[in-house]
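Structure record follows, encoded as structure tokens.
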Amino acid sequence: MFNIFLVIQTIMINNNLSFYSVKILAEIIRDILYFPVWWYSRGLNNVLKSLGKFLINKQKSLGLFVWIKNIFKPMYGQYDWQGMLISFFVRLVQIIIRSFVMLFWLVLVAVIICFWLLLPLLVIYEIIFQCNFINSIF
């Protein structure tokens, strides 16, 4: 016996499969073409904002500006010349060490930004290199 509902269901499944396959394929192609635009615009902006917040938090945790602001104030309220001299050199050493730590974080952020900018180019280069290597084998 011929079941009309089974035929209609089969046609609907095939139509839905082809419709959604084309739709998914078009979305994948759009995402691939939009990726470089996103990477160098919105993605870069997000990375720069988050790394800026990271550097601000590192500076706050190091308290570098507080040490610089108070370099000439004596520690523990000792206003004699020995206390002021010791306070100055202790704070100077602290400022130098904390500046090197901050410089380390700054260099690390600069390396991350350079890596972010060069990563897609490196991936494209490696894909081309691997394709040429495979072609040279055959």
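Summarising the label geometry, the points placed 7 Å from Cα in the beta-carbon direction at V107 and I24 lie 4.9 nm from one another. Label-to-label distance for F89 and R42 is 5.8 nm, based on points extended 7 Å past Cα in the beta-carbon direction. Kindly identify the range 32-98 as rounded, prolate or oblate by the Cα gyration tensor criterion: order the square roots of the eigenvalues as a ≥ b ≥ c, call it rounded if a/c is under 1.5, otherwise compare a/b with b/c, prolate if a/b is larger, else oblate. In terms of gyration-tensor shape, prolate.
Where a number appears in this text, it was derived from the coordinates with a stated rule and is not lab data. These numbers come from a predicted model, not from an experiment. Note that we place each Cβ from the backbone using ideal geometry, even for glycine, and neighbour counts take in every protein chain shown.
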